[in-house]
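Quick notes on the structure that follows.
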Amino acid sequence: LVKTEKYRPHLHFTPQEMWMNDPNGLVYFEGEYHLFYQYHPQNKKWGPMHWGHAVSKDLLKWQHLPIALYPDELGYIFSGSVVVDWEDTSGFFDGGHGLIAMFTHAKEELQRQSIAYSKDQGRTWKKYEGNPVIENPNIQDFRDPKVIWHEASRQWAMVLAAGKKVIFYTSPDLKSWSLASEFGEGWGAQEGTWECPDIFPLQHQTTGEQKWVLQIGIDAGGPAGGSGTQYFIGDFDGKTFSPEQRKHEIYWLDLGKDFYAAQSFSDVPDEQRIVLAWMSNWQYANEVPTHPWRSAMSIPRELSLQTIDGEDRVIQTPVKTLEENKESFHSLSSFEVEQGEEVEIRQPRAPFRVIVEVEYEAGFEVQLFAGEDGKKFSIGLNGKEVYFERDFGEETSFSSDFTGRFHQQLLSSTKKAKLSILCDESSVEVFLNEGETALTNLYLPVQKTEQQINVRSTDGKTLVHSIHIDRFDINR
Ligand code: FRU
């Protein structure tokens with residue numbers, strides 16, 4: 001990466017140039033993690049969609065590869081998934097195995113599902129001559145197929161988004177699909193259109209019990225406005241999803257503004273479930289002032305289940321490989337911050353992570369990228385709520401939805417808190433209390449001033465047990 005490009009992240013995936021949105025076709029195969037993505041190679045704005053492609057061995061350093069799928073007479077190539085066809089159920093691999101992509105072909109208002117296959121580790125793809133494999137059943141928004149191998153029923157299962165619900169299909173060979181069931185009418189967040197669903201089993205961290213998670217993007221009405229990612233916990237028998245939470249209860253995977261179209265990697269060893277999301281929001285995605293590319297992916301995260309305040313929830317932590325690339329920068333321990341006061345700590349150059357452990361009376365916040373001009377990104381707790389505030393950065397006039405203060409109820413209200421805050425050149429990802437809550441946000445900081453981290457006691461006293469700052473260098 002060229003360091004002179006303003007806002008170009010170091011730890012987060014970006015295309016070399018032009019427009020990117022959703023991660024697609026996430027799969028682990030023969031030692032490589034594949035990342036395909038919604039890509040417009042001629043423009044920095046959304047347009048005729050292709051699948052861009054990159055591979056990585058550690059989910060941090062990515063190698064860019066040529067475009068994998070181009071639009072054709074059936075339309076643009078919208079979002080979808082990739083699986084390994086280990087037993088050649090499709091018959092494409094002469095008894096061996098290979099990769100199969102399933103995606104939406106979108107032609108004007110018509111959305112249908114198609115497949116393509118690769119016999120050379122995803123380097124080249126051939127579209128199936130029988131496309132589309134699922135015709136449109138007269139539903140306008142009918143897209144984003146996520147395929148999984150359902151071992152208990154020994155067949156393929158697929159979930160796709162259809163308006164404000166999802167539809168499940170099954171198949172023996174990835175070519176012929178039968179409708180299995182629907183889920184979602186009246187469930188969870190309903191304000192926007194459901195997009196990019198995913199379904200996967202997760203293990204409970206303490207009991208070891210397995211449950212199924214149905215994860216869904218919603219293009220409006222997210223927790224901080226605009227795009228958001230919700231999930232349901234329940235059971236899945238290969239055909240039907242049975243939720244265990246209440247109908248109108250909404251579980252958000254992330255409370256920030258910039259975590260959308262999340263997808264999990266297929267075929268990762270040891271039942272690890274790793275997700276990646278597009279780090280933007282349809283409210284302003286087309287306007288974010290970066291050049292010559294637009295959009296980045298979130299840090300990849302490992303998911304599991306944990307009981308929080310009596311309810312099972314998805315918890316998340318950044319991939320373990322991140323820890324292999326850190327270098328300790330600064331540590332402080334045990335000091336008190338009086339009401340209304342703040343302690344200033346030297347901030348390293350991004351990318352870095354600050355881990356703050358506190359016990360607070362009523363309210364405290366951590367301010368990042370605080371420079372001479374007073375503009376900053378803040379994240380705080382006040383006993384009942386977690387909030388973040390995105391001040392005007394260097395050039396935030398592109399959208400009034402970008403700046404402001406956003407708050408959400410905390411899942412568990414204790415006066416002890418641990419914040420792990422991962423900052424790159426233009427993003428801040430916060431993991432609260434071992435990942436029970438995550439908040440992902442873009443931030444476009446002023447570049448040249450000396451910057452500091454402030455720990456501020458907003459209400460009552462705050463006892464800071466420790467602050468630890470690490471820097472990251474993945475190019476060592
Ligand atoms: C989500 C989405 C998908 C669609 C793709 C098109 O961000 O709208 O539903 O497949 O983007 O690029």
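Tabulated data
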read-out	value
Given LYS376/LYS461; LYS119/LYS146; LYS45/LYS175; LYS247/LYS320; LYS57/LYS165; LYS418/LYS461, the pairs whose alpha carbons are separated by over 25 Å	LYS45/LYS175; LYS247/LYS320; LYS57/LYS165
Cα gyration tensor shape of the chain, rounded if a/c is under 1.5, else prolate or oblate by comparing a/b with b/c	prolate
For region 106-224, convex hull volume per residue from C-alpha positions, Å³	171
Compactness of region 178-300 as Cα Rg over 2.2 N^0.38 Å, two decimals	1.13
Solvent-accessible heavy-atom area per residue, rounded to whole Å², over region 295-446 at 1.4 Å	40
Karplus-derived HN-Hα couplings along region 359-370 (A = 6.51, B = -1.76, C = 1.60, θ = phi - 60°), whole Hz, x at Gly and Pro	10, 10, 7, 9, x, 8, 9, 10, 10, 10, 6, 6
Rounded percent of accessible protein surface that carbon and sulfur make up, the chain, 1.4 Å probe	45
The chain: relative contact order as a whole-number percent, Cα under 8 Å and 6+ apart	14
Accessible area in square angstrom per residue, region 138-243, 1.4 angstrom probe	34
Formal net charge of residues neighbouring MET18 (Cβ-Cβ distance under 11 Å; K, R +1; D, E -1)	+2
Ratio of the Cα radius of gyration of region 239-329 to 2.2 N^0.38 Å, where N counts its residues	1.34
Tensor-based shape of region 48-146 (alpha-carbon gyration tensor, a/c under 1.5 rounded, otherwise prolate or oblate)	oblate
Kirkwood Rh, Cα atoms: Rg over Rh of region 334-476	0.95
Evaluated at q = 0.10 Å⁻¹: base-10 log I(q)/I(0), Debye formula over Cα of region 270-411	-0.48
Gyration tensor verdict on region 141-198 (Cα atoms; rounded if a/c is under 1.5, prolate if a/b is larger than b/c, oblate otherwise)	prolate
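The values are calculated or read from the model by the stated rules, or taken from the named source; none is laboratory data. None of the values given here were measured: they were computed from a predicted structure. Positions of Cβ are backbone-derived with ideal geometry, glycine not excepted, and every protein chain shown enters the neighbour counts. Heads up: the accessible areas ignore ligands, DNA and RNA and are worked out on the full protein's heavy atoms, side chains in. Shrake-Rupley method; radii C 1.70, N 1.55, O 1.52, S 1.80 Å.
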